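Everything below concerns the one structure shown next.
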Amino acid sequence: MTLTATVLAALAAGRLRIVDLTNTLSPDTPTLRLPAPFANLIDFSAEVVAEFDDLGPLWKHQNLHVGEHIGTHLDAPVHWISGRHGKDVSQIEPERLVGPAVVIDVREHVAADPDFLLQISHVQDWETEHGPLPENSWLLLRTGWEQYSDSQEAFLNADESGSHTPGIAVETALWLATERPISGYGVETVGIDAGRGAELDPPFPAHYHLLGHDKYGLTSLQNLGELPPTGAVIIVAPLPIVGGTASPSRVFALVEA
Ligand code: MN
């Protein structure tokens, strides 16, 4: 049997499952809110152009209005000042968008502290149990934040001091960017940095270090609980927007049943 036939047979028999890691896109999809004086992107909306009427008697079609960084999306290097001379979203090789998915579960830490920051030691402990982060892998941070994804307010968890959502420490971002052969880093939260990432040095270290080293980001992931710590395959499918700093993306995982 060919390799592709083996995969298709496993899918047909249910021995290989497709898990959708994507949040749905609608005007209610929770989105980042930057404080003044910074400018925010527009949320998703669909504008009906014709709907089985004089403007389109046999069809319905719509214009989409949406910022690049809305919903489950991929951040490309050109999004950040450190990666501004790197790839835009259309230039990322497909080979970098399909690879091993590894899941690190920090839900207990996050339940105790929503401002939890992933430390190098957490990843090293994970590696002691599961082996080194594989070449071309996507490190997915399971925080449990998915449970808030139907509420803008709960998802951003903001008070007068800002947003309180988990993320990654400065040293960890630099270490992953320079010492580990990953292709990407994915989170369940609205952005790849912690809610209080602006207070770190450099500010927003996941953006700064990872995008600055040709690693990619993924946000607003769901269903990470259906993935094993290792062994799944991730398929990340952003739109090839020329000059794009990001794209809403469909993200699947292949998981052995
Ligand atoms: Mn983004």
**Message:** When you scan the range 89-107, do you find a residue that is buried (at least 16 other Cβ atoms within 10 Å of the Cβ) and small (G, A, S), even just one?
**Reply:** yes
Of those in the range 1-30 that are touching a Phe, Trp or Tyr at 6+ places or on another chain (Cβ under 9 Å) and outside any loop (DSSP other than H, G, I, E, B), the residue surrounded by the fewest Cβ atoms within 10 Å (Cβ to Cβ) is I18
State yes or no: is W80 among the aromatic types (F, W, Y), exposed (fewer than 13 other Cβ atoms within 10 Å of the Cβ) and at pLDDT 95 or above? no
Exercise for review: Answer yes or no: is there a residue in the range 47-61 that is of a type outside the set (K, R) and surrounded by 19 or more Cβ atoms within 10 Å (Cβ to Cβ).
Suggested key: no
Note: among G212, G225, just one is among the small types (G, A, S) and within 14 Å of R142 (Cα to Cα), namely G225
Among strands (runs of 3 or more DSSP E) entirely inside the range 203-257, those with 3 or more residues being among the β-branched types (V, I, T) and touching a residue at least 40 places away in the same chain (Cβ under 8 Å) are 232-238
Counting only strands (runs of 3 or more DSSP E) entirely within the range 54-110, those with at least 2 residues that are within 16 Å of the ligand (Cβ to nearest atom) and under 27 Å from A232 (Cβ atoms) are 73-75
Residues in the range 44-53 that are of a type in the set (D, E, K, R) and either touching a residue at least 12 places away in the same chain (Cβ under 8 Å) or within 15 Å of the ligand (Cβ to nearest atom) (or both) total 1
- prompt: Among the residues of the range 99-110, is there at least one that is free of Cβ contacts under 8 Å to residues at least 60 places away in the same chain and under 15 Å from the mean Cα position of the chain (by Cα)?
  reply: no
query: Regarding S121, is this residue farther than 16 Å from G186 by Cβ, of a type in the set (S, T, Y), surrounded by fewer than 18 Cβ atoms within 10 Å (Cβ to Cβ) and touching a residue at least 12 places away in the same chain (Cβ under 8 Å)?
result: no
Checked L227, L221 against criteria (within 16 Å of the ligand (Cβ to nearest atom) and touching a Leu at 6+ places or on another chain (Cβ under 9 Å)); the one match is L221
For Y216, the lone unmet condition from (1) within 16 Å of the ligand (Cβ to nearest atom); (2) over 20 Å from L133 (Cβ atoms) is (2)
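The values are calculated or read from the model by the stated rules, or taken from the named source; none is laboratory data. Keep in mind that what you see is a predicted model, and the values were worked out from it rather than measured. Don't worry about glycine lacking a Cβ; one is built from the backbone with ideal geometry, like all the others, and counts go over all protein chains shown.
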